[in-house]
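Asks: Before I ask anything, let me first share the structure, which is written out below as structure tokens.
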Amino acid sequence: MRRQLPILIVFVSGVFMVIQYFIPHESFEFIYEYAMDWIIIIGIFAMLLGLWSLTRASVSKVQAKAPGWGFSVMTLVGLATMLFLGFYKGNKSIAEGTFFMDLFWYIYTPIQATMFSLLAFYIASAAYRSFRVRTVLATILLVTALIIMLRLIPLGPISGVNQWLASWILTVPNMAAKRAIWIGVGLGATATALKIIFGIERAYMGKD
Amino acid sequence: MNFLEKLLALDRRIIFLFIAIAVALPLFFTVKLHIEVTPVVRNLHNALEALPPGSKVLVSLDYDPGSMPELQPMAESFFRYCFMRDLKIIIIGLWPNGPIQANSALEVILNEPDIKKKNPKYGIDYVNLGYTAGNEVVIERMGSDIPVTFPKDYSGSKTEDLPLMKGVKNFNNIDFVYNLSAGYPGTVEWVLFGVDPYKIKLGAGNTAVQAPQIYPYLNSGQLVGLLGGMKGGAEFEIATGHPAKAVKFMFSQSVSHALICFFILIGNFAYFATRKKKGA
């Protein structure tokens, strides 16, 4: 029963979501909207699950004095501080000028910006080492990368030509490749969904 | 080890130093670059120009501070444009930090002299409905009932009590949707769950990394226009006749890109020169 019941729920829900799309009756719409609300509620509970999982992983790392356990202490302190400040004044805590928002703007924002900015340095270093004209394919990659990068730079009289080339690369070969990927992803997702609905794919239930 | 071999084995810290200088130094100078408005940006601008004053525009800010340099100027220029044209703004976020980013952009724009003269009022000219968990399901649910999906605004007021939200039930009451996206959920989800089932008019601004992924939706007509990275943001500012942050930052971005191209070229030069030498 522990396995059959989830499979039955998934089967009924999955089949309903497929057939409701083709039946524009208000009773189906009502159930569909109800299901949507459920998904949003589950999404909110998933956040709680994430919090629990993060806390548990960090606490066990600290207890075991695993390498880098100090970072886990910082994670827990940060988590507890933001949670406390967030709940302490409710909606008022997210008004500008509160301590909660100061922590957001002066700690969280610079950390995120720094993490993202590091990409510029690593990309530059990686581009210097890897964009070498070793083979025909590498040459195509290099020339394409240069055209796409140079479209961001005003190049005087050749800007127009470069813009046209960059636009052609983005709207023709790039789009063809992306469409192929999306179609592949779509077919793969449909196949996986069918396997889940019919109980062939059961990895979502975890291990016994 | 001769000079060319040293060049090939260049310490990455030297590259880092050059990049840091190339990014930071131009920020201290104001250089007017010639920025041409590309068709994808022009199309977005034209679609917005076609909206009559009083039209309701839903803005979904789906990014966090990591993508601020690219997307925040887009948010600011879009809000400025809406206020100048008397378009009504309804803000939401599929990312938890989105509505905070919106407030930050609004704070900048509402303090500009031109906008101050217009004196836009919260609840009448713009609202911030905050964040709701659920990713693409939120879009799907908004298609049938926006006040149910966002029962309260960012500051905790009832959505139904906000004058701007009177008569706004679902996407049928929204004239245009503008999405600023740095990943999932973002523009792709707005196309799949908003444009296709509910036929909303969608324009988007994306990070430069994400933009090529969005191009298929432009030619198919599912997306009316796209701002790709800071360049797209700068083009939009030019199109709206109000050059601002994105245009200013373009100089820094151009110099750093030119430097990367230069490094790639000298790297290849050194590679070929040393290979020829070894061959001989």
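Nothing in this text is a laboratory measurement; each read-out follows from the coordinates by a stated rule. Since we're looking at a predicted model, the values are computed, not measured. As a convention, Cβ positions derive from the backbone with ideal geometry for all residues, glycine included, and neighbour counts pool all protein chains shown.
Asks: For the stretch A:133-198, just say rounded, prolate or oblate: build the C-alpha gyration tensor, square-root its eigenvalues into a ≥ b ≥ c, call rounded for a/c under 1.5, and beyond that prolate if a/b exceeds b/c, oblate if not. Before the final figure, lay out the partial values.
Replies: On the way: a/c = 4.56, a/b = 2.48, b/c = 1.84.
It comes out prolate by the Cα gyration axes.
Asks: While we're here: Can you list which of the DSSP-assigned H helices in chain A have a Cα extent of 20 Å or more along the long axis and an average Kyte-Doolittle score of at least -1.0? Could the numbers behind the result be given before it?
Replies: On the way: long enough: A:4-20 (24 Å, 2.09); A:26-63 (55 Å, 0.87); A:69-88 (28 Å, 1.60); A:109-130 (32 Å, 0.78); A:136-150 (21 Å, 3.00); A:173-197 (36 Å, 0.86).
Helix filter hits for chain A: A:4-20, A:26-63, A:69-88, A:109-130, A:136-150, A:173-197.
Asks: On to the next question. Give me a single rounded figure for B:255-266: the average over its residues of other chain Cβ atoms within 10 Å of their Cβ.
Replies: Details: counts 1, 5, 8, 5, 1, 10, 7, 1, 6, 12, 3, 1.
Other-chain Cβ atoms within 10 Å of each residue's Cβ, averaged: 5.
Asks: Kindly express, to the nearest 10 degrees and within the range 0 to 90, the angle between helix B:68-84's C-alpha long axis and the longest C-alpha principal axis of chain B.
Replies: Approximately 40 degrees, to the nearest 10.
Asks: Next question. Taking each residue in A:138-147, count the Cβ atoms of any other chain within 10 Å of its Cβ, then average. What number comes out?
Replies: Details: counts 0, 1, 0, 0, 3, 0, 0, 3, 5, 0.
Taking all residues of A:138-147 together, the mean is 1.
Asks: If each of A:ALA177 and B:ASP11 carries a label point 7 Å out from its Cα toward its Cβ, how far apart are those two points in nm?
Replies: 3.5 nm
Asks: Can you give me the long-range amide H partners of B:VAL59? Hydrogens built in the peptide plane at 1.01 Å from N, cutoff under 5 Å, separation of 5 or more residues or another chain.
Replies: B:ILE90, B:ILE91, B:ILE92, B:TYR178
Asks: Give me the lysines in straight-line cross-link reach of B:LYS118: C-alpha distance below 16 Å, same-chain residues under 8 apart excluded.
Replies: Cross-link targets: B:LYS88.
Asks: Hey, what do the phi angles of the stretch B:85-98 turn into as Karplus ³J(HN,Hα) couplings, whole Hz, using 6.51/-1.76/1.60 and θ = phi - 60°, x for Gly and Pro?
Replies: Along the stretch B:85-98, the couplings run 9, 6, 8, 8, 10, 10, 9, 9, x, 8, 9, x, 8, x Hz.
Asks: Okay, moving on. Can you give me the long-range amide H partners of B:TYR154? Hydrogens built in the peptide plane at 1.01 Å from N, cutoff under 5 Å, separation of 5 or more residues or another chain.
Replies: B:ASN128, B:LEU129, B:GLY130
Asks: State the antiparallel share, in %, of DSSP beta bridges confined to the protein assembly as shown, rounding to the nearest 5. All intermediate terms of the calculation are to be shown ahead of the outcome.
Replies: Values: 1 of 26 bridges.
The answer is about 5 percent antiparallel.
Asks: Here's another thing I want to ask about it. Explain nothing, just the number: relative contact order of chain B, from Cα pairs under 8 Å at least 6 residues apart, as a whole percent. Could you put the intermediate results ahead of the total?
Replies: Details: 467 pairs, mean separation 71.2, N = 280.
Computed value for chain B: 25 percent relative contact order.
Asks: From the phi angles alone, apply the Karplus equation (6.51, -1.76, 1.60; θ = phi - 60°) to the stretch B:205-220 and give each ³J(HN,Hα) in whole Hz, x where the residue is Gly or Pro.
Replies: Values per residue, Gly and Pro as x: x, 10, 5, 4, 5, 7, 3, x, 5, 8, 3, x, 7, 6, 5, 7 Hz.
Asks: Classify the stretch B:1-145: rounded, prolate or oblate, from the alpha-carbon gyration tensor (a ≥ b ≥ c, eigenvalue square roots; a/c under 1.5 rounded; otherwise prolate if a/b is larger than b/c)? Provide the component values of the computation, followed by the final result.
Replies: On the way: a/c = 2.48, a/b = 1.86, b/c = 1.33.
Because a/c hits 1.5 or more and a/b exceeds b/c, the stretch B:1-145 counts as prolate.
Asks: Distance between Cα centroids, the stretch B:125-140 to the stretch B:159-174: provide it in whole Å.
Replies: 13 Å
Asks: Then there's this: Need one word for the stretch A:1-154: rounded, prolate or oblate. Basis is the Cα gyration tensor (sqrt eigenvalues a ≥ b ≥ c); a/c below 1.5 gives rounded, then a/b vs b/c decides. Provide the component values of the computation, followed by the final result.
Replies: Values: a/c = 1.88, a/b = 1.22, b/c = 1.54.
Oblate is the answer for the stretch A:1-154, as a/c is 1.5 or above yet b/c matches or exceeds a/b.
Asks: Quick one: dipole size for the protein assembly as shown, taken about the Cα centre, charges +1 on Lys/Arg Cβ and -1 on Asp/Glu Cβ, in debye to the nearest 20.
Replies: Once rounded to the nearest 20, the dipole reads 1820 debye.
Asks: Neighbouring Cβ atoms within 10 Å as the yardstick, rank B:CYS82, B:CYS261 fewest first. Could you put the intermediate results ahead of the total?
Replies: Working: B:CYS82 23, B:CYS261 17.
Ascending Cβ contact count within 10 Å gives the list B:CYS261, B:CYS82.
Asks: Can I ask one more? What angle do you read, to the nearest 10 degrees and between 0 and 90, between the alpha-carbon axis of helix B:229-239 and the longest principal axis of chain B?
Replies: 60 degrees
Asks: Using θ = phi - 60° and the Karplus form 6.51 cos²θ - 1.76 cosθ + 1.60, what ³J(HN,Hα) does each residue of the stretch B:118-134 get, whole Hz, x for Gly and Pro?
Replies: Coupling constants for the stretch B:118-134: 6, 6, x, 10, 5, x, 10, 9, 8, 9, 10, 8, x, 10, 10, 6, x Hz.
Asks: Arrange the peptides A:183-191, B:22-30 so that the one whose residues have, on average, the most other Cβ atoms within 10 Å appears first.
Replies: Working: A:183-191: 10.3, B:22-30: 13.6.
Answer by packing, highest mean first, reads B:22-30, A:183-191.
Asks: In what order do A:PHE198, A:PHE100, A:PHE131 fall by count of nearby beta-carbon atoms within 10 Å, going from fewest to most?
Replies: Details: A:PHE198 13, A:PHE100 20, A:PHE131 23.
In increasing order of surrounding Cβ atoms, one gets A:PHE198, A:PHE100, A:PHE131.
Asks: Considering the options B:VAL255, B:SER220, B:ALA244, tell which one lies farthest towards the positive end of the dipole of the stretch B:193-270, charges being +1 on Lys and Arg and -1 on Asp and Glu at the Cβ, about the Cα centre.
Replies: About the Cα centre, the residue reaching furthest to the positive side is B:ALA244.
Asks: Arrange B:SER256, B:SER220, B:SER144 by Cβ neighbour counts within 10 Å, fewest through most, would you? Don't skip to the answer; put the middle values down first.
Replies: On the way: B:SER256 24, B:SER220 12, B:SER144 17.
Least to most surrounded, the residues fall as B:SER220, B:SER144, B:SER256.
Asks: Something else now. For chain B, find the longest principal axis of its Cα atoms and tell me its angle to the long axis of helix B:245-279, 0 to 90°, nearest 10.
Replies: 30 degrees
Asks: A further question on this structure: If I take every Cα pair under 8 Å that is 6 or more residues apart in chain A, average their sequence separation and divide by the length, what percent do I get for the relative contact order?
Replies: Numbers: 68 pairs, mean separation 42.3, N = 208.
About 20 percent, as a whole number.
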